[in-house]
Amino acid sequence: MIRSLIYIAILAGLAFVATWFADQPGDITIHWGSQIYEPRPIVALGILLAATFALMILWSVLRFFLRIPTLASIAMRLRRRNKGYEALSQGMIAAGAGDVSTATRAARQAEKALGDDPLALLLKAQAAQISGDNVTAETTFKRMAELPATRLFGLRGLYAEARRRGDDAAAHAFALQAHDAAALPWAGQAIIERHTMTDDWQSALDIVERSFARKTIDRKTADRQRAVLKVGIGMDRQDRAPDEALQIARESIKLAPDLIPAYVLAGRMLARKSDIRRAAKVIESGWKVMPHPDLAAAYLDLRPGDSATDRLGRAQTLSKLNPDHRESRLLLARAAIDAKDFTLARATMAPLVGDASPRPTVRVCLLMADLEETENGPTGRMREWLARAARAPRDPAWVADGIISDTWAPASPVTGRIDAFRWETPAERLHPPEEAPLSTLTGPDPAVLDAPRGGDAKLIESTAIATQPAMAEAPQPAAAAPPAPTVTLEAPPADPLETPAPFHQPTPEPKPLQFIAAPDDPGPEPMPDAPKRKGWFE
C-alpha cells in the first residue's frame, strides 16, 4: 500500500513538472540546412527523449552482435562446468557406494571439465584410493597441498598415505606442517602419538598444552592427558630425580583423581624418602577410589624387610577400607598364606570359591593351589586347583589395543594413543575347552587296584593309562532278560583285542570305580554341584 502511494506521488510530480514546463513562454529555433524549425519547448523535449531512447536501443543491438563470440564462449564454459559438476555428483555417489569403475570414469570427466577444481581433485584422490592406485592418490594429494584452498586436505591425505606405507618420519613431517598451518585436532594427535611411541613424554605434553591453548581439545580431556603424561615423566625420573617425580605424581593425582598409577608412583616415592605414614595415606586414598593389585603390592612393600606377620597386619589395615571387594580378599589371603595363618586365608577365600560365588578366576585358583601346597604339601587338591586354573576365566588386566600387559604405560605400544590402557577383563576364547571331570584329575584307573603293592609306581601308572581307554569303551551289561533254560548272554571282554570267552563261560562283572591316593592326599575338592563337606574352609 505504501509503495503504491509512493508511485502515485512520483507520477503526480512528473505531471506537475511537465505541465509547468509547457506553460512557460518562449520559443526554440533549430536551423538544419536551409530549414528552420521553431517547435514549442515541450515538443522539443519529447523529440529529444525519443531520440535518446532510439539511440539506446540501437546501441544495445549493436553491442549484442559485437559480443556474440564472447557469449558463445561463456555458454560453452557454462556447459562444460555443468557437465563437470554432474560428473562430480555421479562420482561422489559411486565412490561412496564402492563402484570403482564409475568413480574413476567420473573423476576423469570432472578433471577434464573442471581442471584443478578442489572437488575434482578430491574425487580423483578418492577414486584412486578405492581402486588401490596409491601412486595416483599420493600425486593428487601433492597437487592439493600446493593449492592454498586445498592445502590442509592434501597434507592430511599425504599423512594417511605415509602411514599406510609405514613411513613414520614422512607422516610426522606432514602432521607438523598441518599443525603449524592451522589448529587441527588430527594433526596434534598424530604428533603426540609420534612422541609417545619414542617415550618422549615431555614433547607430547607440550603438544597437549598447545592444543588446549588452540581450543582443539576441551579442559577435561587436556587434564586427563596431562595427568597420564606427567606420570610417564615421573616414572622416567623416579631414579635420578625422586623429589621431582613425587611432585609430578601429586600433580597427576590432582588432575585425575582416578588414575591409579599416580597413587602408586607417589606412594613409592614417599616410601623411598622413608615417609611411611604419608605413603600409606596416599595409597589408602587410591584404594578407596578403586582397589587394585598395583596398590596392594606398593602398600605391602612400603617398608622393605618387614616380616610376614607385619605384612599381614598392613594387609588387614588396607583391606578394611573396602572389605567386601575381591582385591581386598585376595590381598589379605596372600598375606595370610605368607604368614602361615591358614585359617584366616581359608575364611577370606571362602566367598570367592564357595557354591554361591561365581566361577573362580585364574588368580583365585592359583592362590588356592598355593594355599593347599603351603599347608598340606603337593596334594590332590593342589593339583586340582592348578588344573582348574588352566581353564578358569581370566582376571582383569591392563589392556590396550588388544595388548594385555602386567604393567601400566602412558600410551599404547601399538598406536601410541594416550591413556589407552584400561583395567578390564580380557576377552575370553570363543570356544573354551570344557573342564575335565574330577575323576580324570586324580587317582589311577580301577584296573590298578589288583596290582601287587610295593610294585614299581611307574609300571602301575603305565598300566592304568593303558587300560583306562578300554574300560571307558566297554559297553554296559544288557538289562536282565527272562531266565532261559541253558543260554545266558554275558558282557564282552574289556579289552577288544582279547579273545572272546566261550559262549557259555561266565564273564566276571567289572569292579566298581575306585581311586588310589597318597596317604597325605585328602582327595579332590567337591565341585559346586556336589554336596559340600563341612569344615573344609573352617
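Screening Lys230 on (1) among the basic types (Lys, Arg); (2) out of contact with any helix residue (DSSP H, G or I) (no Cβ under 6 Å at 6 or more places or on another chain); (3) not in a loop (DSSP other than H, G, I, E, B) shows it passes everything except condition (2). Among the residues of the range 307-327, those identified as over 34 Å from the mean Cα position of the chain (by Cα) and surrounded by fewer than 18 Cβ atoms within 10 Å (Cβ to Cβ) are Ser307, Ala308, Thr309, Asp310, Gly313, Gln316, Thr317, Lys320.
The residue that is surrounded by the most Cβ atoms within 10 Å (Cβ to Cβ), among those in the range 346-361 that are of a type in the set (D, E, K, R) and closer than 20 Å to Leu386 by Cβ, is Arg346.
The number of residues in the range 94-144 being acidic (Asp, Glu), farther than 19 Å from Arg81 by Cβ and assigned to a helix (DSSP H, G or I) comes to 1. For beta carbons closer than 7 Å, sequence separation of 6+ or different chains, a first residue in the range 71-97 that is over 17 Å from Lys112 (Cα atoms) and a second that is in a helix (DSSP H, G or I) and among the hydrophobic types (A, V, I, L, M, F, W, C), the qualifying pairs are Ala94/Ala103; Ala94/Ala106; Ala95/Ala103; Ala95/Leu123; Ala95/Ala127; Ala95/Ile130. For the range 354-371, the set of residues classified as aliphatic (A, V, I, L, M) and either within 15 Å of Pro396 (Cβ to Cβ) or modelled with pLDDT of 90 or more (or both) consists of Val362, Val364, Leu366, Leu367, Met368, Ala369, Leu371, listed by residue number. One residue alone among Thr198, Thr216 is more than 15 Å from Gly267 (Cα to Cα) and surrounded by 15 or more Cβ atoms within 10 Å (Cβ to Cβ), and that residue is Thr216.
Filtering the range 328-345 to residues that are surrounded by fewer than 21 Cβ atoms within 10 Å (Cβ to Cβ) and not aliphatic (A, V, I, L, M) leaves Asp338, Lys340, Asp341, Phe342, Thr343. The residues of the range 386-409 that are within 15 Å of the chain's Cα centre (by Cα), of a type in the set (Gly, Ala, Ser) and either in a loop (DSSP other than H, G, I, E, B) or on the phi > 0 side of the Ramachandran plot (or both) amount to a single one, Gly402. Can you run down the residue pairs with Cβ atoms below 9 Å, 6 or more apart or on separate chains, where the first is in the range 112-126 and without any contact (Cβ under 8 Å) to a residue 12 or more places away in the chain and the partner is crowded, with 16+ Cβ neighbours inside 10 Å and assigned to a helix (DSSP H, G or I)? Pairs found: Gly115/Gly84.
The values are calculated or read from the model by the stated rules, or taken from the named source; none is laboratory data. This is a predicted model, so every value here is computed, not measured. Ideal geometry is used to build each Cβ from the backbone, glycine not excepted, and the neighbour counts take in all protein chains shown.
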